[in-house]
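The values are calculated or read from the model by the stated rules, or taken from the named source; none is laboratory data. Since this is a predicted model, take the numbers as computed values, not measurements. Reconstructed Cβ throughout: ideal geometry from the backbone, glycine too, with neighbour counts over all protein chains shown.
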Amino acid sequence: MARYDWKELYDSMDGCTKCRLCEQRNSIVIGEGDPSADIMFVGEGPGRDEDLSGRPFVGPAGKLLDKMIEAINLKREEVYIANIVKCRPPNNRAPELSEAEACLPYLRAQFALIRPKIIVCLGATAAKYIYDENVKITRDRGIWKENKGIWILPTYHPAALLRDESKKRESWEDMKKLRQKYDDISQKA
Ligand code: URA
């Protein structure tokens, strides 16, 4: 996608019909947070609460994400939160390849505008489309990847933590690694 400014990006998404997720959506959930954040969190796609409100991660998984962010002494407003697909997949199914591919140019444009230093992939879908189609989240979570100067950290999706509390310990390890990397990067800047 050509380099956009924010207005052009928002205009280009307005009324998007690039995939069939447009058919049932109430909102296009673009993302929110600090437009020059050092850290971006990327999830899979909006759920019911997000579709109704137009805001990412505001339902139960979002409340947990807020706590995870606060646990490492950051505020939700200091990071940027987005998703692989901007429209809700029916019944919260994972986005199909064609849907993700249709929507990824918007996320890439967000990366280009925000220029985060760190991208946290929340769950396998985000990790798969952002850096490795063969990712296995149970195997690869917590392992940093560097791509063109951007640090990428895959970790569990907060919804997975709500389904299986035993994953919370590993998730906390990942969040501490995130805080450490953020501090390291901030010191160098
Ligand atoms: N799950 C996601 O992946 N994204 C949201 O915005 C909400 C729930």
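If the requirement is being more than 14 Å from the chain's Cα centre (by Cα) and modelled with pLDDT of 95 or more, which of these qualifies: 108, 141? After applying the criteria, what remains is 141. Contact map, segment 34-56: first residue within 16 Å of residue 99 (Cβ to Cβ), second residue among the polar types (S, T, N, Q) and part of a helix (DSSP H, G or I), Cβ cut-off under 7 Å, separation 6 or more or different chains; pairs are 44/125; 47/92. Taking the conditions (1) under 20 Å from residue 123 (Cβ atoms); (2) in contact (Cβ under 8 Å) with a residue 24 or more places away in the chain; (3) β-branched (Val, Ile, Thr) in turn, residue 28 satisfies each one other than (1).
For segment 83-99, the set of residues classified as part of a helix (DSSP H, G or I) and within 12 Å of the ligand (Cβ to nearest atom) consists of 92 only.
When we screen 165, 101, 173, 133 for residues that are under 26 Å from residue 6 (Cα atoms), among the acidic types (Asp, Glu) and out of contact with any Cys (no Cβ under 8 Å at 6 or more places or on another chain), the only hit is 101. Only a single criterion out of (1) away from the ligand (no atom under 14 Å from the Cβ); (2) touching a residue at least 24 places away in the same chain (Cβ under 8 Å); (3) closer than 25 Å to residue 184 by Cβ is not satisfied by residue 147, namely (2). Considering the conditions (1) within 13 Å of the ligand (Cβ to nearest atom); (2) surrounded by fewer than 22 Cβ atoms within 10 Å (Cβ to Cβ); (3) within 15 Å of residue 32 (Cα to Cα), residue 77 is excluded by exactly one of them, (1).
Taken together, the criteria place residue 33 among residues that are modelled with pLDDT of 95 or more and on the phi > 0 side of the Ramachandran plot. Looking at (1) surrounded by 21 or more Cβ atoms within 10 Å (Cβ to Cβ); (2) without any contact (Cβ under 8 Å) to a residue 40 or more places away in the chain, can you tell me which one residue 82 breaks? Result: residue 82 passes all but (2). Of all residues being touching a Phe, Trp or Tyr at 6+ places or on another chain (Cβ under 8 Å) and more than 17 Å from residue 24 (Cβ to Cβ) in segment 41-56, which is farthest from the ligand (Cβ to nearest atom)? Just the residue, please. That would be 41. Is it true that residue 7 is more than 16 Å from the ligand (Cβ to nearest atom) and surrounded by 15 or more Cβ atoms within 10 Å (Cβ to Cβ)? In short, no. All conditions but one from (1) free of Cβ contacts under 8 Å to residues at least 40 places away in the same chain; (2) in contact with a Lys or Arg (Cβ under 9 Å, 6 or more places away or on another chain); (3) basic (Lys, Arg) apply to residue 63; the one that does not is (2).
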